[in-house]
1. Restricting to the stretch 20-54, what's the tally of residues that are in contact with a helix residue (DSSP H, G or I) (Cβ under 6 Å, 6 or more places away or on another chain) and at pLDDT below 90?
2. Give the residues of the stretch 1-30 that are not polar (S, T, N, Q) and not in a helix (DSSP H, G or I), sorted by residue number.
3. Residue by residue through the stretch 21-51, note down the ones that are basic (K, R) and open to solvent by 70 Å² or more (accessible area, probe 1.4 Å).
4. Consider only pairs whose beta carbons are under 8 Å apart and that are at least six residues apart or on different chains; among these, list those whose first residue lies in the stretch 52-76 and is surrounded by 13 or more Cβ atoms within 10 Å (Cβ to Cβ) and whose second residue is in a loop (DSSP other than H, G, I, E, B) and at pLDDT 95 or above.
Amino acid sequence: MATDPVGRFLTALDPEHRKAVEARARGEQERLAADWERELETDTELDSLDELSPAAAEAEAARRVLGNEPGQNPLPGGS
């Protein structure tokens, strides 16, 4: 299991988006991972989901972060 923020973020992504993020520069990956961690820390909806399924909360936060990227289409499965 990955312990660094980038590794944890990549693990939370579905395979297609993981591959796309892995192709980005390391600095961009780190920025996305930091955004993802902020999303997990600040969104109270994710707190409730995290109690039921930490992996689902992490995946939802990852979808939100990538969905908020300029020029990105909303990702399926997000709220």
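The values are calculated or read from the model by the stated rules, or taken from the named source; none is laboratory data. All figures in this text were calculated on a predicted structure; none of them were measured in a lab. Note that each Cβ is placed from the backbone with ideal geometry, even for glycine, and that neighbours are counted across all protein chains shown. Each accessible area value is taken on the protein alone, full model and side chains, heavy atoms only, with ligands, DNA and RNA left out. Shrake-Rupley method; radii C 1.70, N 1.55, O 1.52, S 1.80 Å.
1. 3
2. Within the stretch 1-30, M1, A2, D4, L13, D14, A23, R24, A25 qualify.
3. R26, R31, R38, listed by residue number.
4. A59/L13; A62/L13; L66/L13
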